[in-house]
Each structure stands twice: as C-alpha cells, then as structure tokens.
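Every read-out reported here was derived from the displayed coordinates using simple, explicitly stated rules and does not represent laboratory data. The structure displayed is predicted, hence computed values, not measured ones. Virtual Cβ from ideal backbone geometry, glycine too; neighbours counted across all protein chains shown.
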Amino acid sequence: MSEMATMVGVLDVGCFSARLLAVRSGGSLLDPVFNHKRRLRLDRSLDASGRLREDGVEAVVAAVAEANEVARRRGVTQLFPLATSSIRDARNAAEVVERVRAETGTGLRFLSGQREAELSYLAARRWYGASAGPLVVVDIGGGTVELAAGDGEQASFARSLRLGAREMTRVWLSDDVPPADRVSALRGYALDRVRTALGEDEETLRGFRTVGCSKVLRQLARLAGARPHRDGAAHRLRVEDLRTWIPRLAMLPASRRAELPGISRSRARQVLAGAVVAEALLTVVEGPAEICPWSTTQGLLLSLLDRQVPGTPAHRWVA
C-alpha cells in the first residue's frame, strides 16, 4: 500500500502556532513522517471584547492554507484540523471558522474540554505504558486546564477547568508587574477551584503517579533546573520549585522573564499565572509531576490511528 493511502495527520491551530504532525497508519508517533509548524501570535490579535481581529483571522487562514498544501504534497489522506481555545473562545469564533472554510475548504473542529483531558491521558498512558500504574494527568493550556486520571488505557475521570495561563493572566494578572495581593488572590482562587473540581476524588488521586502534559509545565520544569533531553523525557517539576519561583517571577516584567532559562518570549507574560495554577494542581495531587512530551495532539493522532475519530464540527460547538 502506498504512503499516500496510509498517512494521517493532526493540524493543531493554537495561540502561538499552527502545527501539522503526520504519521503513517500502523507507524509510531516516535517516528513521525514530518512535523510542520507556522508561528502565530493570536494573543496579540484579540481586542478588548474578546474578538479576533482581522489580522488574526488572516493569519489563521494563511496558516491553514499552508498546512493544507504541505499535507497534500506529503500525501496525508486523513487530516483532523483542530482549533484550540484561542479560536474556540473568541467572540467571533463562528465567523472565523466560516472564513477559514470559505477560503481554504477546511472546516476547523473543536473538542470539548473533557475530550481534551481524555486525549492527554491517552497520550500519557501510551508514553509511559501499562506498567506505570495509575496516572493523574494535568495539562495547562491557554484557556483551560485539563485533568484526567485512571489506571487503564482510558481515563476514568476527566475534568476541564477555566484556569488556563492566558485566561488567568487576563483576569487576574494583567499588569506587567502585578501587585502582590493579586498574585496571592489568584493562588487562593486556583487552589479552591482545583479542590472543588476534584471533590471526593482528591484523596484517591493523591496515590497516583502525576504526569504533566503541556508546554507551560515543560517550561516551568526547565526554569526549575531540568536539563533539556533530546527525547523530551524525564523532567520533573516539584511544588517546592514553584513556591520558590512564583515570587521571583512576580517581581519581573515579561521582558525580564523571557531572559530566564526555558521561558520563551511568546509565553513570558503568562508564565507567572501558569506557575500559580501548576502550584495549585501539584499541591492538591501531591506531585511531583513528571513531564511527558506528548499531549492532546499526540492523543488525537493515537485516536485517529485507532480509528476512533473524536470531535464535532466547529460550527455546531459555537452555534
């Protein structure tokens, strides 16, 4: 059978990039056929009302068109075009989706927060294997935080909380150097939200192995001293590291945070909120968190390879 007949891919359109990852059917995610990425900065294109401005819409259209052409040239026959919270939560999300569809022929699709949590769990489970025992998987995104847990192939517990690093920065820490009382208030709020979401499951999950699946957690682990690995494996992030770094980050403007180890310029503004939310999560589940290089995108690819295509057409979610 030819490569063209057997390749599947996921196009993940997020706040900072549009990434196309493809793998052969029957192949391994450890050996993808190709990985194509185009940078985006949709955080700069949201107006005060939460609408994605024209420059942001044009950037999304261009990124999807480019990815479509790459996918066509490389022989991807099944492509899942996933739009994350930067588009999903925009006030004009339906208009953005229709514009992309009209100009590229691609219908962007959204996943529910619960489904994203389940896919992050699937990715972590496949990365660590059955011998890893019970897992609790945390994924800090821009708009939401996903929590999932289980001791088998599929998650038995999945939650999505509106505690994403970008969202918490917008609501709580909008100043370049936020007041100490705002940082303290966010720490209390995040801890309360996580505890409320877990409820009676909190005690059970404390005995599980904690896995972190997100760019936010990977950057925080690097900040805390983890060395980069070629295979992306085996970083650990402790709650004590976060409690050391949160007051330091709070004293620095975004331009200075971007000079710290592991912190990218594009994410420097929201890293403080990400650290506060991570602290709440690891306090409750009693980490430390092992940082997994796979997350929702890889979980979705695994699901496609397993012939379990999730999701709903975007226009139905934003109707």
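At a glance:
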read-out	value
In Å, descending, principal axis extents of the Cα set of region 3-110	45, 26, 19
Computed magnitude of the charge dipole of region 3-110 (debye, nearest 20; Cβ of K, R +1, Cβ of D, E -1)	160 debye
Amide proton proximity set for residue 40, modelled H, under 5 Å, gap of 5+	17, 18
Integer Hz, Karplus 6.51/-1.76/1.60 couplings in order for region 109-121, x for Gly and Pro	10, 10, 10, 5, x, 5, 5, 4, 4, 5, 6, 4, 5
Shape of region 121-278, Cα gyration tensor, a/c cut at 1.5	oblate
Net charge over other residues, Cβ less than 13 angstrom from the Cβ of residue 299 (K, R count +1; D, E count -1)	-4
Farthest positive-ward along region 3-110 dipole, Cα basis, beta-carbon charges - from 11, 65, 49	11
Assigned charges on the beta-carbon of Lys, Arg, Asp, Glu; the chain dipole about Cα centre (debye)	760 debye
Structure-derived Rg and Dmax of the Cα atoms in Å: which label, when the choices are (1) 18.6, 54; (2) 21.3, 69; (3) 19.0, 62	(3)
Magnitude of the charge dipole, region 113-296, Cβ model with Lys/Arg +1 and Asp/Glu -1, debye to 20	780 debye
MRE, 222 nm, helices only [DSSP H, n ≥ 4, -39500 (n - 2.57), over the chain, to nearest 500]	-13000 deg cm²/dmol
Pairwise centroid distance, computed over Cα atoms, of region 28-103 with region 176-204, Å	32 Å
In region 146-236, GluC sites (Glu not before Pro) in a DSSP loop with at most 11 other beta-carbon atoms within 10 Å	153
Karplus-derived HN-Hα couplings along region 257-264 (A = 6.51, B = -1.76, C = 1.60, θ = phi - 60°), whole Hz, x at Gly and Pro	4, 5, 8, 7, x, x, 9, 7
GNM flexibility winner over the chain from 56, 133, 107 (Cα, springs under 10 Å)	133
Dipole axis of the chain (+1 Lys, Arg; -1 Asp, Glu on Cβ), positive-most option in 81, 261, 143	261
Karplus-derived 3J(HN,Hα), 6.51/-1.76/1.60, for each residue of region 271-282, Hz, glycine and proline x	5, 5, 4, x, 5, 5, 5, 4, 4, 4, 4, 6
